[in-house]
Amino acid sequence: MKYNVNEIRTHFPSLQTGAIYFDNPAGTQVPQEVIDAVRDYYLTANANNGGAFATSQRSDAIIAEARNAFADFLNAQSPDEIVFGPNMTTLTFIVSRALGRFLDEGDEIIVTRLDHDANISPWTALAERGVVIKWVDFHTDDCTLNMADFEKHLSTKTRLVAIGGASNAVGTLNDLQTLTDLAHMAGATVFVDAVHLAPHAPIDVQALNCDLLACSVYKFYGPHLGVLWGKYDLLDRLSAYKVRPAGNKPPDKFENGTQNHECIAGALAAVNYLASVGEKYGGDFAAPYVQFSGRRLQLKSALAAIKAYEKELATRLVVGLSDIPGVTLYGIADPARFDYRAPTFAITVDGKTPRQVAEALGRENIYVWDGNYYALEVMQRLGLQDRGGAVRIGLAHYNTAQEVDKFLETLKRLE
Ligand SMILES: Cc1ncc(COP(=O)(O)O)c(C=O)c1O
């Protein structure tokens, strides 16, 4: 069936307010299904793990099913490879502390200037142990990663490569497959920050063959919750900081204390919501994923359908922006190359600070972000950090062409 954004929007109560949500990279709105799942958890399953009574057993079953759902979402080999946590940043610090125990003075870690700080600071913190940090630059003209620089820094001393799937600031999609293959040839472990990729493209950790990957459910229509995936053997080998009664195997050993069960219930509903998008609109996009079945296939084809729809919106936005005097767009600007970017655009407007632009749009109920969005290195490298960063327009699968047009008209007449 043809993608029907009006039908999609009926699932999202907050969209009915008429506000235009272009702040999606900082967190999306949630469908009624997610709201219901969180409420139902409280009503029918609100208990701690492992009890001998109904609510605890229901709660355990929901959490187990949520792990299955994320194994489908990422194409993990096993639900035991899925670790839940408060957010991606906290999970990444958990991994960096655990991996750090295996690293010696002189070992090298590669990070990139295109990344969100959550995929930088957990690794640079290991410099305290004598680990050497190597920085990969990006091309400032189109904000693509400098692959020659990456290859220059990669060596047999590289123990870990920390890369992003997509830039939350300028939208660039990295060539994860090539980066992972090169890193593995050098013998390095690969950690992928997929926070900004997960809402916009299908992810397949087995095909990619990375070692660890993290994402955040609140960026793709779910509650505030982080998800870490790791190859089971690697997670098993890592030693976790944990309390003694907690399980010694993954994922338990990485899930400290009591988890946010209601958000895990909501996260399960978010994945099932996306699967339903795939069931309805993913048919045309299922072909490359015939090796999958059931929810995995629905999720892959949902994200492929979403990617195609968002590309149309992004093209409309960029064509419109190019008509507005005084607007500078950072990152890939040619729609012919939009397979290499997410629908996330950083712009500046001559004569106005990013905050002034965001405030003016906010007064018209158009929500955009301004600043550095923790992509500190990106903003520094582009020379924007001292000028208030940039305005970020982040499109999602429920945005419409009319919203893009309204945004463009409003931007045009900003005083
Ligand atoms: C690309 C990217 N990585 C990491 C993060 C951090 O995610 P979390 O808020 O779940 O810690 C964000 C949040 O904006 C992000 O956009």
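Structural remarks
- Residue match in the stretch 268-277 (condition: free of Cβ contacts under 8 Å to residues at least 12 places away in the same chain and not assigned by TED's automatic domain parsing to the domain that holds Asn119): no
- Whenever a residue of the stretch 384-409 is farther than 16 Å from Phe345 by Cβ, its partners that are assigned to a loop (DSSP other than H, G, I, E, B), lying with C-beta atoms within less than 6 angstrom and at least six residues away or across chains, give the pairs Gly388/Thr353; Tyr398/Phe12.
- Checking Ile332, Ile306 one by one, the residue that is assigned to a loop (DSSP other than H, G, I, E, B) and touching a residue at least 12 places away in the same chain (Cβ under 8 Å) is Ile332 and no other.
- Thr124 being away from the ligand (no atom under 16 Å from the Cβ) and either at pLDDT 95 or above or crowded, with 18+ Cβ neighbours inside 10 Å (or both): no
- Residue, farthest from Val217 (Cα to Cα), within the stretch 95-121, restricted to residues that are more than 12 Å from the ligand (Cβ to nearest atom) and part of a helix (DSSP H, G or I): Gly100
- Filtering the stretch 17-60 to residues that are under 26 Å from the mean Cα position of the chain (by Cα), part of a helix (DSSP H, G or I) and of a type in the set (A, V, I, L, M) leaves Ala26, Val34, Ile35, Ala37, Val38.
- Scanning the stretch 359-374 for residues that are within 16 Å of the ligand (Cβ to nearest atom) and in a loop (DSSP other than H, G, I, E, B) turns up Val368, Asn372, Tyr373, Tyr374.
- Considered as a group, the residues in the stretch 132-147 that are β-branched (Val, Ile, Thr) and surrounded by fewer than 21 Cβ atoms within 10 Å (Cβ to Cβ) include one that is farthest from the chain's Cα centre (by Cα), and that residue is Val132.
The values are calculated or read from the model by the stated rules, or taken from the named source; none is laboratory data. Predicted, not measured: the structure shown is a model, and the values here were computed from it. Using ideal geometry, Cβ is built from the backbone for each residue, glycine included, and neighbour counts are taken over all protein chains shown.
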